[in-house]
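A.B. asks: Sharing a structure here in structure tokens format.
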Amino acid sequence: MSQSQLNELHPVFAMPFGTRIMPEGGVLFRLWAPAAGEVDLCLTTGPESLQVEPMASQGDGWFVRHHPQAKIGQLYQFRIDRDLMVPDPASRCQVRDIHGPSVICDPEAFRWQDEEWQGRPWEESVIYEIHVGTFSEAGTFAGVRERLDYLADLGITAIELMPLAQFPGKYNWGYDGALLFAPCNRYGSPEDLKELVQAAHRKNIMVFLDVVYNHFGPEGNYLHVYAKEAFFTERYHTPWGAAINFSGPQSRGVRDFYIANALYWLKEFHFDGLRFDAVHAIFDESRPDILEEIALEVHKGPAGKRHVHLVLENDRNCARYLDRTPDGRPLFYTAQWNDDIHHACHILLTGESGGYYQDYTDGPLHHLGRCLTEGFAYQGEVSSYRGGRIRGEPSRHLTPLAFVSFLQNHDQIGNRAFGERLITLCEPEDLLLISALLLLAPSPPLLFMGEEFGAENPFYFFSDFGPELAESVTRGRRREFACFPEFSTEESQRRIPDPNAPETFLASRLDWRPVDAGEAGVFADHYRKLIAIRRREIIPRLKEVLPGKAGCRTMGEKALTAWWPMVDGSKLSVICNLQDTQVEAPPGGSVNLIFQLTAGDVPFPAGGICPAKSIAWFLCSG
């Protein structure tokens with residue numbers, strides 16, 4: 001493929017914010033600072049030398065300076081009103097930490113060699129969530145790259161990286177980023193990230209990125225100084241403070257900032273998709289709203305040339321974002337993380353009923369069946385946990401491909417006081433059964449790193465803020481659990497790991513040593529086998545599943561059957577029994593058993609009796 005053809009497939013992103021290398025030489029610097037009276041460009045020209053030049057105001061809050069001698073690799077900052085030195089909010093790279101100078105980068109310096117890569121269709125997705133800093137001993141992009149062969153052999157078709165935006169300190173989950181265009185330099189350079197994406201593409205693996213558009217981290221966000229009234233609004237509040245201003249005065253610049261960020265990751269880094277964190281904390285009265293506008297811009301841009309997938313996390317269960325066009329393409333978003341199915345499965349596995357699990361204790365099996373066959377469990381019902389508010393929209397009409405299913409993810413593990421994984425909370429045989437249910441069900445599955453070999457080490461909440469903020473975060477973290485009886489006293493709360501302690505971060509690092517031994521080996525073989533069956537038997541049929549026609553029924557307190565009719569009259573079905581006793585199975589017709597798992601290898605008939613602790617998947621002809 002020629003360079004011109006490659007540019008057409010992956011056009012160079014013309015960044016509307018930050019720096020741009022100019023064809024005539026030098027660098028164009030742009031800053032949107034609507035609350036600043038004047039802005040200076042501060043360019044590092046030597047170890048102790050700083051060149052300061054005023055930037056021209058172009059109106060509407062824009063300050064611009066073309067510096068003809070500025071070079072790639074030089075460091076720069078902006079000085080606000082002759083006082084505060086700040087990094088570029090659209091910095092592509094930080095030389096040190098989140099507070100220091102930004103680096104002039106050449107986005108065209110990396111020579112991409114993935115010109116044949118068109119991505120993969122969404123129905124092929126088997127997603128593996130990764131926190132780069134704890135996935136490997138090195139905690140870097142290179143450390144992830146070294147495990148790509150392992151992931152490909154497992155059958156993973158997409159890795160999803162937790163947020164990478166530059167955050168304060170040495171370690172963080174990533175949701176406290178403040179420089180949204182700069183990959184965290186603790187993990188490597190922008191080129192290292194591009195090499196990871198390119199290496200994944202060579203293994204036929206997509207790469208998704210988790211992005212955070214509902215708040216900035218509490219440290220290193222200088223937009224409060226020179227763009228506070230533009231970027232933030234007190235009309236709405238989130239768990240992190242004032243909401244992002246997407247529909248008030250001056251919001252056009254804010255919207256453009258986030259649209260640019262989404263396009264930047266997809267175009268400049270060749271990511272195959274984005275996962276949008278907690279969009280229920282985004283407030284926007286515009287039409288189209290910011291989520292719709294981002295999706296429309298992506299569809300008009302990179303998604304028009306290759307497979308690009310947009311996924312939501314949305315506690316409101318807004319099914320309208322997941323609607324399809326008549327030919328089945330996503331109108332806005334490809335899918336949503338389905339927390340409902342996790343919560344129902346978690347109760348069945350552990351019996352826990354506190355917090356948000358209380359909404360599912362009235363019938364976890366019913367909620368599970370509804371998720372499997374209709375998408376959301378809550379489609380307009382009253383949520384007790386949310387104070388009696390109505391939650392969700394009807395989703396039965398949607399394809400199962402609009403929902404991502406999972407048993408574990410960073411939130412559901414790390415937001416526990418002690419970061420326990422499911423393997424330490426339930427019987428392993430039950431976990432094997434439920435994993436077989438979700439991995440072969442039509443909705444694309446997501447695994448959290450280490451889940452596939454039954455990793456037992458915790459994944460804690462961790463951060464590394466400055467001293468004053470660190471103490472506040474530690475106290476706040478422990479207060480979060482004060483409503484639980486086991487943490488009602490200060491003494492019991494002190495047992496909760498300190499998020500800012502280095503050992504909390506180090507204990508969260510994935511332990512790869514047992515991956516092929518003992519119980520870990522049993523789990524690894526189980527997952528590898530199921531993913532292979534999914535690839536061979538399920539994925540080729542997913543586009544044939546008839547939306548709105550699936551059904552399920554319970555056969556006991558912890559046993560159900562579910563089915564998904566297809567265009568040609570055939571049917572995918574499952575019988576799952578988590579009970580210690582056998583149940584009567586529904587009569588079977590002409591069936592093809594594609595997978596079974598039973599305690600003690602008891603045979604699983606097509607009809608008659610469903611053994612205790614068993615699951616079987618069938619394909620029934622029309």
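A.B. asks: Does Val404 fit the bill of being over 20 Å from Leu510 (Cα atoms), in a helix (DSSP H, G or I) and of a type in the set (Val, Ile, Thr)?
C.D. replies: Answer is no for this residue.
A.B. asks: Contact list please: Cβ distance under 6 Å, first residue in segment 65-80 and crowded, with 17+ Cβ neighbours inside 10 Å, second residue part of a strand (DSSP E or B) and among the small types (Gly, Ala, Ser), pairs at least six apart or on different chains.
C.D. replies: Tyr76/Ser102
A.B. asks: Follow-up. Take His342 and decide whether it is touching a residue at least 60 places away in the same chain (Cβ under 8 Å), of a type outside the set (S, T, N, Q) and closer than 30 Å to Pro514 by Cβ.
C.D. replies: Taking the combined requirement at face value, the residue satisfies it.
A.B. asks: Which condition does Arg534 not pass, out of (1) crowded, with 21+ Cβ neighbours inside 10 Å; (2) under 30 Å from Asp153 (Cβ atoms); (3) modelled with pLDDT under 90, if it passes all the others?
C.D. replies: All conditions pass for Arg534, except number (3).
A.B. asks: When you scan segment 489-510, how many residues do you find that are part of a helix (DSSP H, G or I), in contact with a helix residue (DSSP H, G or I) (Cβ under 7 Å, 6 or more places away or on another chain) and closer than 27 Å to Val132 by Cα?
C.D. replies: Total meeting the criteria: 0.
A.B. asks: Let me ask something else. If a residue must be part of a strand (DSSP E or B) and either of a type in the set (A, V, I, L, M) or modelled with pLDDT of 95 or more (or both), how many such residues does segment 59-90 contain?
C.D. replies: Count: 15.
A.B. asks: Could I ask something else about it? Tell me, which residue of segment 513-534 that is in contact with an Asp or Glu (Cβ under 8 Å, 6 or more places away or on another chain) and not hydroxyl-bearing (Ser, Thr, Tyr) is nearest to Val126 (Cα to Cα)?
C.D. replies: My answer is Arg528.
A.B. asks: Determine which single condition Leu431 fails, assuming it passes every other condition in (1) within 23 Å of Asp498 (Cα to Cα); (2) surrounded by 14 or more Cβ atoms within 10 Å (Cβ to Cβ).
C.D. replies: Of (1) within 23 Å of Asp498 (Cα to Cα); (2) surrounded by 14 or more Cβ atoms within 10 Å (Cβ to Cβ), only one is false for Leu431: (1).
A.B. asks: Can you report the number of residues in segment 446-488 which are under 25 Å from the mean Cα position of the chain (by Cα), farther than 22 Å from Gly139 by Cα and assigned to a loop (DSSP other than H, G, I, E, B)?
C.D. replies: Qualifying residue count for the region: 1.
A.B. asks: Scan segment 89-108 and give yes if some residue there is surrounded by 24 or more Cβ atoms within 10 Å (Cβ to Cβ) and either within 30 Å of Ala524 (Cα to Cα) or in contact with a helix residue (DSSP H, G or I) (Cβ under 7 Å, 6 or more places away or on another chain) (or both), otherwise no.
C.D. replies: Yes, because at least one residue in segment 89-108 is surrounded by 24 or more Cβ atoms within 10 Å (Cβ to Cβ) and either within 30 Å of Ala524 (Cα to Cα) or in contact with a helix residue (DSSP H, G or I) (Cβ under 7 Å, 6 or more places away or on another chain) (or both).
A.B. asks: Can you tell me which residue among Ala562, Ala612, Ala616 is modelled with pLDDT of 90 or more, of a type in the set (Gly, Ala, Ser) and farther than 26 Å from Pro400 by Cα?
C.D. replies: Among Ala562, Ala612, Ala616, only Ala612 is modelled with pLDDT of 90 or more, of a type in the set (Gly, Ala, Ser) and farther than 26 Å from Pro400 by Cα.
A.B. asks: If you check Thr424 against the conditions, is it touching a residue at least 12 places away in the same chain (Cβ under 8 Å), of a type in the set (Ser, Thr, Tyr), over 29 Å from Ser573 (Cα atoms) and surrounded by fewer than 19 Cβ atoms within 10 Å (Cβ to Cβ)?
C.D. replies: yes
A.B. asks: Filter segment 145-174 for residues that are in a loop (DSSP other than H, G, I, E, B) and of a type in the set (Gly, Ala, Ser); which is surrounded by the most Cβ atoms within 10 Å (Cβ to Cβ)?
C.D. replies: Gly174
A.B. asks: For segment 141-177, which positions are more than 16 Å from Gln198 (Cα to Cα) and among the small types (Gly, Ala, Ser)?
C.D. replies: Correct list: Gly155, Ala165, Gly169, Gly174, Gly177.
Conditions (1) touching a residue at least 60 places away in the same chain (Cβ under 8 Å); (2) closer than 27 Å to Glu124 by Cα; (3) in the same structural domain as Trp173 (by TED's automatic domain parsing); (4) assigned to a loop (DSSP other than H, G, I, E, B), marked per residue:
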site	(1), (2), (3), (4)
Ser353	no, no, yes, yes
Tyr357	no, no, yes, no
Leu365	yes, no, yes, no
Arg396	yes, yes, yes, yes
Asp411	no, yes, yes, no
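A.B. asks: Okay, next question. Residues of segment 182-204 being out of contact with any helix residue (DSSP H, G or I) (no Cβ under 6 Å at 6 or more places or on another chain) and either part of a strand (DSSP E or B) or in the same structural domain as Phe17 (by TED's automatic domain parsing) (or both), which ones?
C.D. replies: Within segment 182-204, just Ala182 meets the criteria.
A.B. asks: Can you spot a residue in segment 90-97 that is touching a strand residue (DSSP E or B) at 6+ places or on another chain (Cβ under 9 Å), under 28 Å from Gly304 (Cβ atoms) and not assigned by TED's automatic domain parsing to the domain that holds Ile205?
C.D. replies: yes
A.B. asks: Out of the residues in segment 133-144 meeting the condition of being of a type in the set (A, V, I, L, M) and touching a Leu at 6+ places or on another chain (Cβ under 8 Å), tell me which one is surrounded by the most Cβ atoms within 10 Å (Cβ to Cβ).
C.D. replies: Val144
A.B. asks: Among (1) within 28 Å of Phe459 (Cα to Cα); (2) at pLDDT 95 or above, which single condition is Gly380 missing?
C.D. replies: In the conditions (1) within 28 Å of Phe459 (Cα to Cα); (2) at pLDDT 95 or above, Gly380 misses (1) alone.
A.B. asks: Would you confirm whether any residue within segment 205-225 is crowded, with 18+ Cβ neighbours inside 10 Å, outside the structural domain of Arg79 (by TED's automatic domain parsing), over 20 Å from His410 (Cα atoms) and without any contact (Cβ under 8 Å) to a residue 60 or more places away in the chain?
C.D. replies: Within segment 205-225 (the criterion being crowded, with 18+ Cβ neighbours inside 10 Å, outside the structural domain of Arg79 (by TED's automatic domain parsing), over 20 Å from His410 (Cα atoms) and without any contact (Cβ under 8 Å) to a residue 60 or more places away in the chain), the answer is yes, since at least one residue qualifies.
A.B. asks: Right, another one. Name the strands (runs of 3 or more DSSP E) wholly inside segment 238-325 in which the number of residues that are in contact (Cβ under 8 Å) with a residue 40 or more places away in the chain is 2 or more.
C.D. replies: Hits in segment 238-325: 273-276, 309-312.
A.B. asks: Do we find a residue being surrounded by fewer than 17 Cβ atoms within 10 Å (Cβ to Cβ) and over 26 Å from Val308 (Cβ atoms) anywhere in segment 371-378?
C.D. replies: Looking for residues that are surrounded by fewer than 17 Cβ atoms within 10 Å (Cβ to Cβ) and over 26 Å from Val308 (Cβ atoms), one finds none in segment 371-378, hence no.
The values are calculated or read from the model by the stated rules, or taken from the named source; none is laboratory data. Note that the structure is predicted; figures quoted are calculated from it, not measured. No Cβ is skipped: glycine too gets one built from the backbone with ideal geometry, and neighbour counts run over all protein chains shown.
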